[in-house]
1. Being surrounded by fewer than 17 Cβ atoms within 10 Å (Cβ to Cβ), in the same structural domain as ARG33 (by TED's automatic domain parsing) and part of a helix (DSSP H, G or I) is true for just one of ALA96, ALA68. Which residue is that?
2. Consider the stretch 58-91. How many of its residues are more than 23 Å from VAL184 (Cβ to Cβ), small (Gly, Ala, Ser) and either within 16 Å of the ligand (Cβ to nearest atom) or free of Cβ contacts under 8 Å to residues at least 24 places away in the same chain (or both)?
3. Which of the numbered conditions does ASP5 fail, given that it passes all the others? Conditions: (1) out of contact with any helix residue (DSSP H, G or I) (no Cβ under 7 Å at 6 or more places or on another chain); (2) touching a residue at least 60 places away in the same chain (Cβ under 8 Å); (3) more than 16 Å from the ligand (Cβ to nearest atom).
4. Considering only the stretch 168-217, state which residues are more than 15 Å from the ligand (Cβ to nearest atom), among the hydroxyl-bearing types (Ser, Thr, Tyr) and under 20 Å from ALA61 (Cα atoms).
5. Whether any residue in the stretch 208-216 is modelled with pLDDT of 95 or more, over 20 Å from the mean Cα position of the chain (by Cα) and acidic (Asp, Glu) is what I want to check.
6. Condition first: assigned to a loop (DSSP other than H, G, I, E, B) and either of a type in the set (Val, Ile, Thr) or touching a residue at least 40 places away in the same chain (Cβ under 8 Å) (or both). Now tell me which residues in the stretch 34-51 satisfy that.
7. Can you tell me how many residues in the stretch 10-29 are under 19 Å from VAL122 (Cα atoms) and either part of a loop (DSSP other than H, G, I, E, B) or in contact (Cβ under 8 Å) with a residue 24 or more places away in the chain (or both)?
Amino acid sequence: MKEFDVIERFFNCKSYQRKDVIQGIGDDCAITRVPDGLNLATTTDTLISGVHFPIDTAPEAIAHKALAVNLSDLAAMGAEPAWFSLSLSLPSVDEAWLDAFSKSLFELAEYYSIQLIGGDTVNGPLSITITAQGFVPQEHALIRSGAMPGDLIYVTGTLGDAGIGLGILQGKHDVSQHCADYLVNRLNYPAPRLLAGTALRRIASACIDLSDGLVSDIKHILKASQCGAKIQVDKLPLSVALKEAVEVEDAYQSALSAGDDYELLFTVSEEQKGNLDIALASANISVTCIGQLTGLKEKLELRYEDEPYQVQRSGFEHFA
Ligand SMILES: [Mg+2]
């Protein structure tokens, strides 16, 4: 099977179809239409075998994660997904692998109404690059630089699950099957918080998705907004499975510094708090307030109850 046969068989015919795609896969470029009054948000992420996922990860999980991490970036801007392109480097043409990969990819794509509009397939080590695009109303993108001292800091969902999920795959934790399944699933099948992202437009003063770990990612907001933050570690939301799987200290350390959570961290002014509660209740989204921004530029303060708290490692960074 050659390159064009792979595209035709696994990627062309299965894609979700949108009305705003004038020309999809099959020409030199895709041609698409952005609605009046909306801006285009664009993001890209590469996943490399052995770096971003263990080499024996199932193709369904790789496909899901490759698209989900890009959708998570759209969510963090308050954007609504529209189109994506896929650049796939494959060591060989394994039809069963490609079948499972493409099915999982298009299942998630259809769920979020995002259409594959182009890409490239090459022979090389396994790596997946997706570029995703979405729409956001002008003036309402959830940028990192809008936060102010005094704003409350929130996160969606629970933190630290994926980090312990990875530890389980590496044989570092001895846990029940039930906990292992839940935590590994959180690692392999992150749920992009798109509903929360759009609900936070006009309400959040800044937003970011947690890909490299809380203490690492919040610094991007602190830098862009020239604020400090006080985080109450004992307020971090932990899943039942995480608390059952590891000691509470390890759970909080994972919640602070492990990557791959793909939850949103956002800030809200005291005046917008009422609107936040209304928006979240109507969208049925659970969030937790974990601290407050301060005027101490880029200073991150961690407290556990009334005591200062130290993080053992500071999150994932390439080339670090
Ligand atoms: Mg991001």
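The values are calculated or read from the model by the stated rules, or taken from the named source; none is laboratory data. In this text, all values refer to a predicted model and were calculated from it rather than measured experimentally. Glycine gets a Cβ as well: all are built from the backbone with ideal geometry, and neighbour counts include every protein chain shown.
1. Working: ALA68 fails: surrounded by fewer than 17 Cβ atoms within 10 Å (Cβ to Cβ).
Result: ALA96 is the single residue among ALA96, ALA68 that is surrounded by fewer than 17 Cβ atoms within 10 Å (Cβ to Cβ), in the same structural domain as ARG33 (by TED's automatic domain parsing) and part of a helix (DSSP H, G or I).
2. The total comes to 3.
3. Answer for ASP5: the failing condition is (2).
4. TYR182, TYR189
5. Within the stretch 208-216, none of the residues are modelled with pLDDT of 95 or more, over 20 Å from the mean Cα position of the chain (by Cα) and acidic (Asp, Glu).
6. Residues of the stretch 34-51 assigned to a loop (DSSP other than H, G, I, E, B): 34-37, 50-51.
Of everything in the stretch 34-51, those that are assigned to a loop (DSSP other than H, G, I, E, B) and either of a type in the set (Val, Ile, Thr) or touching a residue at least 40 places away in the same chain (Cβ under 8 Å) (or both) turn out to be VAL34, PRO35, GLY37, VAL51.
7. The initial filter retains those residues of the stretch 10-29 that are under 19 Å from VAL122 (Cα atoms), namely 10-12, 25-29.
Okay, now just the ones that are also either part of a loop (DSSP other than H, G, I, E, B) or in contact (Cβ under 8 Å) with a residue 24 or more places away in the chain (or both), so 10-11, 25-26, 28-29.
So the count comes out to 6.
One line per residue, one yes/no per condition, for (1) assigned to a helix (DSSP H, G or I); (2) outside the structural domain of MET148 (by TED's automatic domain parsing); (3) of a type outside the set (Val, Ile, Thr); (4) in contact with a Pro (Cβ under 9 Å, 6 or more places away or on another chain):
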residue	(1), (2), (3), (4)
HIS220	yes, no, yes, no
ILE231	no, no, no, no
ASP234	yes, no, yes, no
GLU244	yes, no, yes, no
ASP250	yes, no, yes, no
ASP261	no, no, yes, yes
